[in-house]
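Participant: Just passing along the structure, written as structure tokens.
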Amino acid sequence: MSKNKIHFERVCMEYGKDSRSRMGFGAWRGPANGKTTTVLENIDLEIEAGEFVSILGHSGCGKSTLLKIVAGFIKPTRGSVWIDGRLVEGPRADHMFVFQEGALFPWLTILKNVSLAVHSAADEAERIKKAREYLELVSLEAYEEYYPHMLSGGMRQRAELARALAARPDVLLVDEPFSGLDYLTRLQMREEILYLHMMLEKTTILFVTHDIDEALQLSDRVIIMNGPPGRLDSCRPVRAPHPRHLSNPALHEMRTDICRQLGVHAAL
Ligand SMILES: Nc1ncnc2c1ncn2[C@@H]1O[C@H](COP(=O)(O)OP(=O)(O)O)[C@@H](O)[C@H]1O
Ligand SMILES: [Mg+2]
């Protein structure tokens, strides 16, 4: 068995094989004609502890499906995923945090939302105290009594960052969290996520995106996915120091290469 943090072994996923997730989370149907759709094909991948890995690919190539399999929300049709040498058989909230848009409870203040993610506290007072510290780290301390709908999109994402910090996860799964944000806020959020990575230095981050610049600016390694059906095309280490500017010639060359590989010539 691999000593890496996350180990994917010939992971395949077909939708429509079964009418519902074999782990019992959510129900779905296959295509109306009763056929199955192959979404992931023989994914083999190793991710080291503490690594920040981006999975980059066109919409529909199976990125979210791959992340849901790691999170234990769905079970692959064939193959398996191992975390710390343990087979993923279902969600494990103790060490994993899934960061996505719209994950805050709308009926709770952001202080309460963040406090729910604090696992290490002895009692409620301690939980609230820690939640306040995390809100301060993302500069939201003045808004602790606000409900999520009272915040801007960027502030909501920062509250979500505070939740991720509070959870101190071993593995952080991020699925296109900034896709609903305007361009300037997205740029700001890139800085915030780097800050999060710095604070959670031992956390392994698997970050799904279709934004090439985002992947290049944030990650230690960019995995390019092609499809459908989703296949891993190549892995590219990104060795430039942070903060990274895309004008850096090495990054610029890599960007051009990735654009070609993904067939997006308009961005060249
Ligand atoms: N619950 C589901 N039931 C059936 N098909 C699905 C389901 N979720 C995703 N798919 C299909 O799987 C393919 C990959 O989807 P997804 O993993 O969301 O891609 P991505 O995140 O790369 O955009 C798509 O063709 C999508 O229609
Ligand atoms: Mg997706």
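Per-residue answers, yes or no, for (1) among the basic types (Lys, Arg); (2) away from ligand 2 (no atom under 16 Å from the Cβ):
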site: Pro148; (1), (2): no, yes
site: Ser152; (1), (2): no, yes
site: Ala159; (1), (2): no, yes
site: Glu176; (1), (2): no, no
site: Gly180; (1), (2): no, no
site: Arg190; (1), (2): yes, yes
site: His197; (1), (2): no, yes
site: Ile205; (1), (2): no, yes
site: His210; (1), (2): no, no
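Participant: Scanning the stretch 45-55 for residues that are more than 16 Å from ligand 1 (Cβ to nearest atom) and over 12 Å from the mean Cα position of the chain (by Cα), which turns out nearest to Arg239 (Cα to Cα)? Talk me through it step by step, then tell me what you get.
Facilitator: Kept after step one, since they are more than 16 Å from ligand 1 (Cβ to nearest atom), are these residues of the stretch 45-55: 46-52.
Now drop any that are not over 12 Å from the mean Cα position of the chain (by Cα), which leaves 46-51.
Values: Glu46: 18, Ile47: 16, Glu48: 15, Ala49: 17, Gly50: 15, Glu51: 12 Å.
The extreme case among them is Glu51.
Participant: Go through the stretch 230-259 residue by residue and tally those that are farther than 26 Å from Tyr195 by Cα and either within 20 Å of the chain's Cα centre (by Cα) or among the hydrophobic types (A, V, I, L, M, F, W, C) (or both).
Facilitator: Going through the stretch 230-259 one residue at a time, the tally reaches 6.
Conditions tested, residue by residue: (1) more than 16 Å from ligand 1 (Cβ to nearest atom); (2) surrounded by 16 or more Cβ atoms within 10 Å (Cβ to Cβ); (3) of a type in the set (Lys, Arg); (4) under 13 Å from Ile55 (Cα atoms).
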{"residue": "His197", "(1), (2), (3), (4)": "yes, yes, no, no"}
{"residue": "Thr209", "(1), (2), (3), (4)": "no, yes, no, yes"}
{"residue": "Ser219", "(1), (2), (3), (4)": "yes, yes, no, yes"}
{"residue": "Pro228", "(1), (2), (3), (4)": "no, yes, no, no"}
{"residue": "Arg236", "(1), (2), (3), (4)": "yes, yes, yes, yes"}
{"residue": "Leu246", "(1), (2), (3), (4)": "yes, no, no, no"}
{"residue": "Met254", "(1), (2), (3), (4)": "yes, yes, no, no"}
{"residue": "His265", "(1), (2), (3), (4)": "yes, no, no, no"}
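Participant: Note down all Cβ pairs under 7 Å where the first residue falls in the stretch 54-75 and is of a type in the set (Gly, Ala, Ser), the second is within 6 Å of ligand 1 (Cβ to nearest atom), and they're at least six residues apart or on different chains.
Facilitator: Gly57/Lys63; Gly60/Pro228; Gly62/Val39; Gly62/Pro228
Participant: Out of all the residues in the stretch 110-119, is one or more more than 23 Å from Cys235 (Cβ to Cβ), surrounded by fewer than 17 Cβ atoms within 10 Å (Cβ to Cβ) and not assigned by TED's automatic domain parsing to the domain that holds Gly16?
Facilitator: Taking the stretch 110-119 as the starting set, the residues that turn out to be more than 23 Å from Cys235 (Cβ to Cβ) are 110-119.
Then drop every residue that is not surrounded by fewer than 17 Cβ atoms within 10 Å (Cβ to Cβ), which leaves 116, 119.
Next, only the ones that are not assigned by TED's automatic domain parsing to the domain that holds Gly16 stay: 116, 119.
Yes, because at least one residue in the stretch 110-119 is more than 23 Å from Cys235 (Cβ to Cβ), surrounded by fewer than 17 Cβ atoms within 10 Å (Cβ to Cβ) and not assigned by TED's automatic domain parsing to the domain that holds Gly16.
Participant: Also, quick follow-up: For the stretch 56-76, indicate whether the set of residues that are assigned to a strand (DSSP E or B) and either within 13 Å of ligand 1 (Cβ to nearest atom) or crowded, with 17+ Cβ neighbours inside 10 Å (or both) is non-empty. Explain how you work it out, then say what you get.
Facilitator: So in the stretch 56-76, the residues assigned to a strand (DSSP E or B) come out as 56.
Next, only the ones that are either within 13 Å of ligand 1 (Cβ to nearest atom) or crowded, with 17+ Cβ neighbours inside 10 Å (or both) stay: 56.
Yes, there is a match, as at least one residue in the stretch 56-76 is assigned to a strand (DSSP E or B) and either within 13 Å of ligand 1 (Cβ to nearest atom) or crowded, with 17+ Cβ neighbours inside 10 Å (or both).
Participant: Condition first: aromatic (Phe, Trp, Tyr) and under 14 Å from the mean Cα position of the chain (by Cα). Now tell me which residues in the stretch 170-228 satisfy that.
Facilitator: Taking the stretch 170-228 first, the residues aromatic (Phe, Trp, Tyr) are 178, 183, 195, 207.
Once the filter is applied, which keeps residues that are aromatic (Phe, Trp, Tyr) and under 14 Å from the mean Cα position of the chain (by Cα), the stretch 170-228 yields Phe178, Phe207.
Participant: Further question on the same structure: Keeping to the stretch 32-51, report how many residues are crowded, with 22+ Cβ neighbours inside 10 Å and more than 16 Å from ligand 2 (Cβ to nearest atom).
Facilitator: Residues flagged as crowded, with 22+ Cβ neighbours inside 10 Å and more than 16 Å from ligand 2 (Cβ to nearest atom) within the stretch 32-51 amount to 1.
Participant: When the residues of the stretch 77-109 are narrowed to those that are surrounded by fewer than 21 Cβ atoms within 10 Å (Cβ to Cβ), more than 22 Å from Asp44 (Cα to Cα) and within 16 Å of ligand 1 (Cβ to nearest atom), which ends up modelled with the highest pLDDT?
Facilitator: If we take residues in the stretch 77-109 being surrounded by fewer than 21 Cβ atoms within 10 Å (Cβ to Cβ), more than 22 Å from Asp44 (Cα to Cα) and within 16 Å of ligand 1 (Cβ to nearest atom), then Gly102 is modelled with the highest pLDDT.
The values are calculated or read from the model by the stated rules, or taken from the named source; none is laboratory data. The model shown is predicted, which means the values in this text are computed figures rather than measured ones. For neighbour counting, all protein chains shown are included, and Cβ atoms are generated from backbone atoms with ideal geometry for every residue, glycine included.
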